[in-house]
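Undergrad: First the structure, which I've put down as structure tokens, then a few questions once you've had a look.
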Amino acid sequence: MDALKLLALDGEDLGVVSAHVQDAVFKVGGIAYDARRRQFTLVVNRFVWEKAQGKRRNFERRRAVLLFKCVTAVRSVGFDRADAEAVLDLLALRFDVKGEGPEGTIEFVLAGDASIELDVECIEAQLADTGGAWETAFKPRHPEGA
């Protein structure tokens, strides 16, 4: 099994996680925040960029879970949180440090000018594939310079 498991503890690590979830799609119903445990989870279908090199005709997606710990607040804009079946496209993860850190805000940049922001005491994130891969004929494309 070639399931991906990553841990992020700083901005550089978060950049690696961001690259692996670029173009992941998810339903609004896959968003969960447990304020008592200070954990945010997101269930996604990630595009498997690490196997998308070369001129292939078939690509892969995998079910994965993103988990963020030490979360003190969650905000979202640009989509209806009540529409559990709405599908969103994750473009990138960004970290904006507050003061001298390690606290700050993790932004989930979504297509359509939408976003999710997590206020965190520090970066403590995990990305783990949770199931097998399935084939897709579509490779996400981005305009030059984007």
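Where a number appears in this text, it was derived from the coordinates with a stated rule and is not lab data. Predicted, not measured: the structure shown is a model, and the values here were computed from it. In this analysis, Cβ positions are derived from the backbone assuming ideal geometry, glycine residues included, and neighbour counts consider all displayed protein chains.
Undergrad: Place the peptides 106-115, 2-11 in order of packing, highest mean first, counting for every residue the other Cβ atoms within 10 Å and averaging per peptide. List each step's numbers first, then the result.
TA: Values: 106-115: 16.4, 2-11: 13.9.
Going by the mean number of other Cβ atoms within 10 Å, highest first, we get 106-115, 2-11.
Undergrad: Same structure, new question: So how strong a dipole does the chain carry about its Cα centre when Lys and Arg Cβ are +1 and Asp and Glu Cβ are -1, to the nearest 20 debye?
TA: Charge dipole of the chain: 660 debye, to the nearest 20.
Undergrad: With everything on Cα atoms, drop me the angle between helix 11-21 and the longest principal axis of the chain, reported from 0 to 90° to the nearest 10.
TA: So the inclination is approximately 40 degrees.
Undergrad: Of V77, L14, V25, whose Cα points farthest to the positive end of the dipole of the chain (charges on the beta-carbon: +1 Lys, Arg; -1 Asp, Glu; origin at the Cα centre)?
TA: V25
Undergrad: If packing is taken as the average number of other Cβ atoms within 10 Å across a peptide's residues, how do 60-72, 23-35 rank, most packed first?
TA: Peptide ranking by packing, descending: 60-72, 23-35.
Undergrad: Next question. Sequence-distant or interchain residues sharing an amide H contact under 5 Å with A86, placed H: which?
TA: Residues meeting the criterion, in which the H sits 1.01 Å from N, are V28, G29.
Undergrad: Please report the equivalent ellipsoid semi-axes of region 5-136, computed as sqrt(5 x eigenvalue) of the Cα gyration tensor, largest first, in whole Å.
TA: Ellipsoid semi-axes (Å, largest first): 24, 17, 13.
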